[in-house]
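Colleague: Dumping the structure here so I can ask a few things about it.
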Amino acid sequence: MDRRAFLLTGAAASVGTVAGGAIGAGLALGSAPKPLELKIQHAQYPVLETPTQNMVSLSPDAPPPVLRLRQGQPFAANVTNSLPDATAMHWHGIRVPNAMDGVPYLTQFPITGGETFHYAFTPKDAGTYWYHPHCMTMEQMARGLTGVLVVEEEDPPGFDADIAVNLRDFRLKDDGQFRELYTKKGAARAGTKGNVLTANWKQALIEDAPAGGLVRLRLAATDTTRHYKIALSGPGGQALEGQVIAWDGHPLETPQALPHAKAPMTLAPGQRADLALKMPAGEGQEIVVATMLGYREHPLARLRSIGAAQTRDLAELHPLRPNPISVPDLTKAERHEFVFGWAPSGDAPRNGLCGSMPFTFWSINRIPWAGDAAEGTGPLLTMDLGKSYILRFRNESPNQHPIHLHGLTFRVLRSNKRSITPHWTDTVLLGKNETVEIALVADNPGDWAFHCHVIEHQKTGLTGYLRVG
Ligand code: C2O
Ligand code: CU
Ligand code: CU
């Protein structure tokens with residue numbers, strides 16, 4: 001596809017790319033809300049002591065903000081690119097119309113420097129989601145551009161505080177400046193980890209919440225590589241009251257016990273968990289959210305009780321209502337298999353404007369993704385609109401792959417390695433040689449990106465797309 005030819009045909013208006021910040025191409029203006037202005041730009045921020053330069057955010061000196069949307073309410077954003085490189089914004093886990101999905105060449109052309117793209121959609125599902133670029137991904141995400149997106153329920157569940165925690169690493173030298181964002185060796189194996197773990201870009205995040213109150217803690221793993229092993233602990237080894245109430249945005253049918261050091265909860269890149277917690281009664285007492293590094297609890301964030309103790313009870317919360325996802329008919333579902341593994345000695349991916357890596361290590365069904373502007377690469381599967389499918393995902397590698405599908409929420413049914421309580425998600429983690437089966441209804445038409453969320457894997461072949469309709 002040639003970008004210039006595309007613009008010359010006038011097709012740009014239908015997808016909303018407009019140069020110079022003019023808005024409105026092809027929009028129904030009647031119900032359009034006032035768009036948020038989001039400007040992708042360079043930032044600096046003291047992650048260590050000396051401010052790190054050349055970060056990427058939506059403001060010059062702060063992390064990407066938590067975007068709060070409301071279920072069933074139209075949302076719009078003008079995403080302006082003030083970087084020299086191209087970009088595109090993706091709303092991870094949100095079931096948007098295909099043209100709003102932010103995948104370069106597949107659903108839109110990259111937003112080049114100075115351009116604005118108008119995104120508009122109405123979130124059907126409440127819960128915890130996130131946003132990140134889908135072009136120059138390694139570069140822009142590693143430098144900071146990952147943010148939490150909250151879709152609030154139509155009827156609020158009744159928490160006293162709602163705290164979003166964006167978990168991610170940075171790869172920094174002692175002087176606070178970036179080191180190489182990844183290594184070739186990392187890309188060929190588990191991915192290159194960061195050395196500075198952060199929560200909302202802080203190494204020691206502290207959030208205040210009313211003592212004795214009920215907190216909704218939204219954890220989002222937005223790192224390019226790291227799999228978190230989340231463990232919570234209360235003051236002085238005190239048992240904590242609470243539950244895991246939602247996973248990847250969607251309420252769990254049976255809430256689960258809180259994770260702790262002996263039974264941590266894995267959050268793979270792209271995954272989220274919502275926890276309902278009761279704060280300790282004593283002023284200044286803390287709940288510590290940690291990730292396990294080996295057997296050691298590395299604190300990521302602290303929730304601190306403030307004020308006079310409230311007497312709330314977790315039983316007072318309204319249970320979260322299930323999101324309106326079509327339930328697959330397992331008796332009629334058509335079955336397909338996908339194999340995730342090494343690439344047959346592949347050529348370097350072809351580069352578009354979106355920063356391909358110079359080598360190929362991974363594949364889906366032995367086909368390595370041919371690069372950003374993967375001309376002539378067809379869908380891995382074409383599904384009929386409205387039909388049910390059972391997809392078997394088989395990992396034939398020793399590395400972990402959080403497999404993410406855009407546009408369609410799916411149900412994890414079973415695994416050959418662990419017992420699974422069926423649940424809805426957009427990103428399922430495949431462990432070493434693990435096979436899982438998922439089911440979905442192909443109810444959202446379009447071409448949907450399908451990839452590993454370890455960005456180095458995504459960018460070195462472990463990418464494809466599924467077509468609906
Ligand atoms: Cu979180 Cu294809 O993305
Ligand atoms: Cu996504
Ligand atoms: Cu992977």
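Colleague: What dipole magnitude, in Debye to the nearest 20, does the chain give about its Cα centre under +1 on Lys/Arg Cβ and -1 on Asp/Glu Cβ?
Modeller: Magnitude of the dipole: close to 1000 debye.
Colleague: Can you pull out the cysteines in the chain that have no other Cys Cβ under 4.7 Å?
Modeller: Within the chain, the cysteines lacking a partner Cβ under 4.7 Å are Cys452.
Colleague: For segment 73-219, just the Cα set please: Rg and Dmax, both in angstrom.
Modeller: Cα-based Rg and Dmax for segment 73-219 come out at 17.6, 50 Å.
Colleague: Next question. Over segment 161-316, what is the relative contact order in percent, taking alpha-carbon pairs closer than 8 angstrom and at least six residues apart? It would help to have the intermediate numbers written out before the result.
Modeller: Values: 395 pairs, mean separation 43.9, N = 156.
After rounding, I find 28 percent.
Colleague: In the calculated pair distance distribution of the chain, what percentage of Cα-Cα distances lie above 43 Å? Spell out each step's value before the answer.
Modeller: Details: 10841 of 109746 pairs.
The answer is 10 percent, as a whole percent.
Colleague: Can you give me the relative contact order of the chain as a percent, contacts being Cα pairs under 8 Å and 6 or more apart?
Modeller: RCO, the chain: 14 percent.
Colleague: Looking at the square roots a ≥ b ≥ c of the eigenvalues of the Cα gyration tensor of segment 200-241, which shape do they give, rounded for a/c under 1.5, prolate if a/b is larger than b/c, or oblate? Write down the numbers at each step before the final one.
Modeller: Numbers: a/c = 2.13, a/b = 1.65, b/c = 1.29.
Prolate, because a/c is 1.5 or more and a/b exceeds b/c.
Colleague: In debye, nearest 20: dipole of segment 334-468 around its Cα centre with unit charges on the Cβ of K, R (+) and D, E (-)? Please report the intermediate quantities before stating the final value.
Modeller: Details: 13 positive and 13 negative charges, 90 e Å.
Computed charge dipole of segment 334-468: roughly 440 debye.
Colleague: Also, I was wondering about something else. When N is the residue count of segment 161-316, what does its C-alpha Rg come to as a fraction of 2.2 N^0.38 Å?
Modeller: Working: Rg = 16.4 Å, N = 156, 2.2 N^0.38 = 15.0 Å.
Against the empirical 2.2 N^0.38 Å value, I get 1.09 for segment 161-316.
Colleague: Nearest 5 is fine: what % of DSSP beta bridges in the chain come out antiparallel, could you say? Don't skip to the answer; put the middle values down first.
Modeller: Values: 91 of 125 bridges.
Once the DSSP bridges in the chain are tallied, antiparallel ones form about 75 percent.
Colleague: Could I ask something else about it? When the convex hull of the Cα atoms of segment 334-468 is projected onto a plane and the area is averaged over all directions, what value comes out in nm²? Numbers along the way, then the final one.
Modeller: Details: hull surface 30.3 nm².
Average of the hull's projected areas for segment 334-468 equals 7.6 nm².
Colleague: Let me ask something else. Once you have the Cα-Cα distance between Ala308 and Asp155, take 0.36 nm times their residue separation minus that, and quote the gain in nm to one decimal. Please report the intermediate quantities before stating the final value.
Modeller: Values: separation 153, 0.36 × 153 = 55.08 nm, distance 2.74 nm.
Taking Ala308 through Asp155 to full extension adds about 52.3 nm, to one decimal.
Colleague: With r defined as the distance between the Cβ atoms of Phe359 and Asn195 and R0 fixed at 22 Å, what FRET efficiency is calculated, to the nearest 0.05?
Modeller: Values: r = 23 Å, r/R0 = 1.05.
Taking R0 as 22 Å, the efficiency between Phe359 and Asn195 is 0.45.
Colleague: Taking R0 as 25 Å, what FRET efficiency do you get between Lys387 and Ala99 from their Cβ-Cβ distance, rounded to the nearest 0.05? Don't skip to the answer; put the middle values down first.
Modeller: Working: r = 22 Å, r/R0 = 0.89.
Using R0 = 25 Å, I get an efficiency of 0.65.
Colleague: Now a separate question. What value, in deg cm²/dmol to 500, does the helix sum -39500 (n - 2.57) over DSSP H runs of n ≥ 4 give at 222 nm once divided by the residues of the chain?
Modeller: Estimated from H runs of four or more residues: -1000 deg cm²/dmol.
Colleague: Also, I was wondering about something else. Could you compute the FRET efficiency for Arg70 and Lys202, with r as their C-beta to C-beta distance and R0 at 25 Å, rounded to 0.05? Present the calculation step by step, with values, prior to reporting the outcome.
Modeller: Working: r = 28 Å, r/R0 = 1.11.
Efficiency at R0 = 25 Å is approximately 0.35.
Colleague: Still on this structure, I have one more. What whole-number value in Å² describes the accessible area per residue of the chain for a 1.4 Å probe?
Modeller: Numbers: 18260 Å² over 469 residues.
For the chain, the solvent-accessible area averages 39 Å² per residue.
Colleague: Please tell me the relative contact order of segment 91-221 in percent, rounded to the nearest whole number, where contacts are Cα pairs under 8 Å and at least six residues apart. Intermediate results must be reported in sequence, preceding the final value.
Modeller: Working: 189 pairs, mean separation 30.5, N = 131.
Taking the mean separation of contacting Cα pairs over the length of segment 91-221, I get 23 percent.
Colleague: Let me ask another. For segment 163-319, with only Lys/Arg (+1) and Asp/Glu (-1) charged at the beta-carbon, what is the dipole magnitude about the Cα centre, in debye rounded to 20? Intermediate results must be reported in sequence, preceding the final value.
Modeller: Working: 20 positive and 16 negative charges, 164 e Å.
Rounded to the nearest 20 debye, it is 780 debye.
Colleague: Right, here's the next one. Over the chain, what percent of the accessible surface lies on carbon and sulfur atoms, probe 1.4 Å? List each step's numbers first, then the result.
Modeller: Numbers: 9560 of 18260 Å².
Whole-percent figure for carbon plus sulfur exposure: 52.
The values are calculated or read from the model by the stated rules, or taken from the named source; none is laboratory data. Everything numeric here is computed off the predicted structure, so don't read it as measured data. Cβ coordinates were reconstructed from backbone atoms using ideal geometry, including for glycine residues, and neighbour counts include every protein chain displayed. The accessibility values were calculated without ligands, DNA or RNA, using every heavy atom of the protein model including side chains. Shrake-Rupley method; radii C 1.70, N 1.55, O 1.52, S 1.80 Å.
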